[in-house]
Amino acid sequence: MSPNCAACGSVRAFRVAREAYEKRRLVAEQIAAKLRRAGYEALFAGGYVRDRLLGVEGTGDIDVATSAPPAVVQKLFRRTVDVGIQFGVVRVLEDGLDTEVATFRSDGAYPDHRHPAEVHFTDPRGDASRRDFTINGMFLDPETDEVLDFVGGRADLETGVIRAIGDPEARFDEDRLRLLRAVRFAARFGFSIEPRTWESLVGHAGSIRQIAWERIGDEIVKILREGRARRGFELLAESGLLDAVLPEVSAMRGVAQSPEHHPEGDVLVHTLLCLEKIESERHDEALALAVLLHDVAKPMTASRGDDGRIRFYGHCEQGGAMAREIVRRLRRSRETGERVAWLIENHLRHIEAPRMRVATLKRFLGEPDIESLLELVRIDASSASGDLAPWRFCVDRRAELSCEEIRPAPLLRGRDLLELGYSPGPSFRALLDEALDAQLEGVFASREDARAWVVRNHPPT
């Protein structure tokens, strides 16, 4: 895809996302209006209100909070799903979308640090008091556009502060995930964390592993991809959360590198500089994780030669294996783990590209995930010595070659070998690979020439 096509694709994607969001808001407004007509209060809650006040509307779900009990919500709407009816939460299915509708509630104790043992239905003020941070504790009346703020969220938005609602100790004890959410919101919006909230966060950091790794993985990926990933990981490191959830990344701190190639500093400093270059619109989850983990094996492969230079032999291969395990631990998909591992294993392969045989270069540039690999290479090199020459060589050669030249349909296939009298077996794959290399080198350009080439060079026995 040409750069112009990529730009057009981004514009189309933005327009589609915007239209989808407008549809979600319209559906949420219709649900709230129906609840009001039935005599109940209905407000938009949480992140929607925060983003609306920040002027970044259009990025998330729109949740409805209501005085209607869950049983009433189920009766009012034809299609609903019980996702947490014991907590007053019902999903309403309207116009192909599902919208969370939650009854105003206050919570009892959280014995599992995730779910309250009991809930009591209440009013908006009581509901706001059980939420996590002040900036997420506001409501908006969709009919009047009035913001209801019982917790000081508007003031904290204006001053750029993440502050737990009420007692930070209680909020973090209720749900350990809030430890990571505080970091994510602070990084995403460029906010500071209020001192009491920060002190409590640091004190609870080691307890983050009490919750499911899937929830931890979701937050880590969001920190990587929602913007300001570097700041997010700096806060994770400063708070002790990084030691708890990604000790392999924390181990990068203080691991020296040769100034010739890495004048920026140690492995963690380099990784943070790389994280700074992640773009949520361009870089998917696998690439973001690869940026984070591309040097994860350097601490265990570091050695210093007689010449004084620091080397990391095998860190690409070992890093790929470590990344598979880390991605699995974070409960990401198997496909994501394989992509991350491949990117890490191959992230220095481009250095040899100017010296590769034509066939080898074409195979390399024809790899299915080459675009992501070249992005990782660019981010890596520009965060170190700044030598982009090998990367530029690959980008230029890829631009010069058509898809047919890089990844052509093979002119010699297994049926050709059978017709020519070759016996089926393991040697087929070696012959076909050699033939494809010859085709990529331009040795032959037709099926007839390919058949003649294989008979001439490897006569059937």
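The values are calculated or read from the model by the stated rules, or taken from the named source; none is laboratory data. Being a predicted model, the structure only gives us computed values, none of them experimental. Every residue, glycine among them, receives a Cβ derived from its backbone with ideal geometry; neighbour counts consider all protein chains shown.
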Within the range 169-212, the count of residues that are surrounded by fewer than 16 Cβ atoms within 10 Å (Cβ to Cβ), part of a helix (DSSP H, G or I) and of a type outside the set (Lys, Arg) comes to 9
Which residue out of Gly166, Gly152, Gly137 is outside the structural domain of Tyr48 (by TED's automatic domain parsing) and either touching a helix residue (DSSP H, G or I) at 6+ places or on another chain (Cβ under 8 Å) or surrounded by 16 or more Cβ atoms within 10 Å (Cβ to Cβ) (or both)?
-> Gly166
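One line per residue, one yes/no per condition, for (1) in the same structural domain as Gly366 (by TED's automatic domain parsing); (2) in a loop (DSSP other than H, G, I, E, B); (3) surrounded by fewer than 13 Cβ atoms within 10 Å (Cβ to Cβ); (4) β-branched (Val, Ile, Thr):
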position: Ser385; (1), (2), (3), (4): yes, yes, no, no
position: Asp396; (1), (2), (3), (4): yes, no, yes, no
position: Phe428; (1), (2), (3), (4): no, no, no, no
position: Glu434; (1), (2), (3), (4): no, no, no, no
position: Asp437; (1), (2), (3), (4): no, no, no, no
position: Phe444; (1), (2), (3), (4): no, yes, no, no
position: Glu448; (1), (2), (3), (4): no, no, yes, no
position: Ala452; (1), (2), (3), (4): no, no, no, no
Those residues that are touching a residue at least 40 places away in the same chain (Cβ under 8 Å) and in a loop (DSSP other than H, G, I, E, B), I need them from the range 34-61; list them, please.
-> Glu41, Gly46, Gly58
Taking the options Ala399, Ala389, name whichever one is of a type in the set (A, V, I, L, M, F, W, C) and at pLDDT below 95.
-> Ala399
Please verify whether the range 141-155 includes one or more residues that are polar (S, T, N, Q) and assigned to a loop (DSSP other than H, G, I, E, B).
-> yes
Members of the range 357-386 that are under 21 Å from the mean Cα position of the chain (by Cα) and modelled with pLDDT under 95 | Pro368
Quickly run through the range 94-137 and pick out the residues that are among the β-branched types (Val, Ile, Thr) and without any contact (Cβ under 8 Å) to a residue 60 or more places away in the chain.
-> Thr103, Val119, Thr122, Thr134
May I ask you to say which residue of Ser280, Ser258, Ser303, Ser250 is free of Cβ contacts under 8 Å to residues at least 12 places away in the same chain and either among the polar types (S, T, N, Q) or under 30 Å from Leu436 (Cα atoms) (or both)?
-> Ser303
Just a yes or no: is a residue in the range 263-272 of a type outside the set (Val, Ile, Thr), in contact (Cβ under 8 Å) with a residue 60 or more places away in the chain, in the same structural domain as Phe312 (by TED's automatic domain parsing) and surrounded by 18 or more Cβ atoms within 10 Å (Cβ to Cβ)?
-> yes
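Let's see how each residue does on (1) assigned to a loop (DSSP other than H, G, I, E, B); (2) of a type in the set (Lys, Arg); (3) crowded, with 19+ Cβ neighbours inside 10 Å:
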position	(1), (2), (3)
His283	yes, no, yes
Val291	no, no, yes
Asp295	yes, no, yes
Ser303	no, no, no
Asp307	yes, no, no
Gly320	no, no, yes
Ala323	no, no, yes
Ile326	no, no, yes
Arg331	yes, yes, no
Any idea which of (1) under 32 Å from the mean Cα position of the chain (by Cα); (2) over 15 Å from Ala45 (Cβ atoms); (3) in a strand (DSSP E or B) is the one His120 doesn't satisfy?
-> (1)
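Which residues, taken from the range 354-372, are under 10 Å from Arg398 (Cβ atoms) and of a type in the set (D, E, K, R)?
Keep residues of the range 354-372 that are under 10 Å from Arg398 (Cβ atoms), which gives 361-362, 364-366, 370-371.
Within the range 354-372, Lys362, Glu371 meet the criteria.
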Unmet criterion (only one of (1) among the β-branched types (Val, Ile, Thr); (2) assigned to a loop (DSSP other than H, G, I, E, B); (3) farther than 27 Å from Ala186 by Cβ) for Ile31 = (2)
Within the range 60-101, how many residues are in contact with a strand residue (DSSP E or B) (Cβ under 9 Å, 6 or more places away or on another chain) and more than 19 Å from Asp127 (Cβ to Cβ)?
-> 10
Has the range 188-195 got any residue that is out of contact with any strand residue (DSSP E or B) (no Cβ under 8 Å at 6 or more places or on another chain), modelled with pLDDT of 95 or more and polar (S, T, N, Q)?
-> no
